[in-house]
């Protein structure tokens, strides 16, 4: 975990630069908010799509189970995990953002859950999203709780093909 004492050096200074291709700079708040908004929309789309499917006779089993709650929550928890060198979440891909742990690696599924555990319970997630946004905008290092829980940093990475 990240030591959040005021005397500790910022995580951005402890993360090696190696694993991110192209240029390396800390992600701008606007890009992070955009990525989170996109991921939230994807989760809501999953929720409503499964709810509509559950309203049909063929997929009535969706109504009785928690599946239409579970899939969006799993998406939010796993969105920061990497598979084949890319984040699973659509938001980070579209915003051209990458996540690095303090070891200089991309987070695995466990690291993604650590970053996003505050969004596990949907009713609480709405309140936490507001608090996380406040911290992201107002904190000195522009870091949210998830950055500390996952011992990670979000960086912007653009390769020459993106330019």
- Filtering segment 75-97 for residues that are out of contact with any helix residue (DSSP H, G or I) (no Cβ under 7 Å at 6 or more places or on another chain) and modelled with pLDDT under 90 leaves a count of 3
- Message: Take residue 138 and tell me if it is at pLDDT 85 or above and crowded, with 17+ Cβ neighbours inside 10 Å.
- Response: no
- Item | helices (runs of 4 or more DSSP H) within segment 70-163 that include 1 or more residues over 15 Å from residue 32 (Cα atoms) | 109-116, 122-138, 145-149
- Task: Identify the residue in segment 30-48 that is surrounded by fewer than 14 Cβ atoms within 10 Å (Cβ to Cβ) and more than 19 Å from residue 81 (Cα to Cα) and, among all such residues, is modelled with the lowest pLDDT.
- Result: 48
- Those residues that are surrounded by fewer than 20 Cβ atoms within 10 Å (Cβ to Cβ) and within 15 Å of residue 117 (Cβ to Cβ), I need them from segment 78-103; list them, please. 78
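The values are calculated or read from the model by the stated rules, or taken from the named source; none is laboratory data. Keep in mind the model is a prediction, meaning the values are calculated, not measured. FYI the Cβ positions are ideal-geometry reconstructions off the backbone, even for glycines, and counts take in every protein chain you see.
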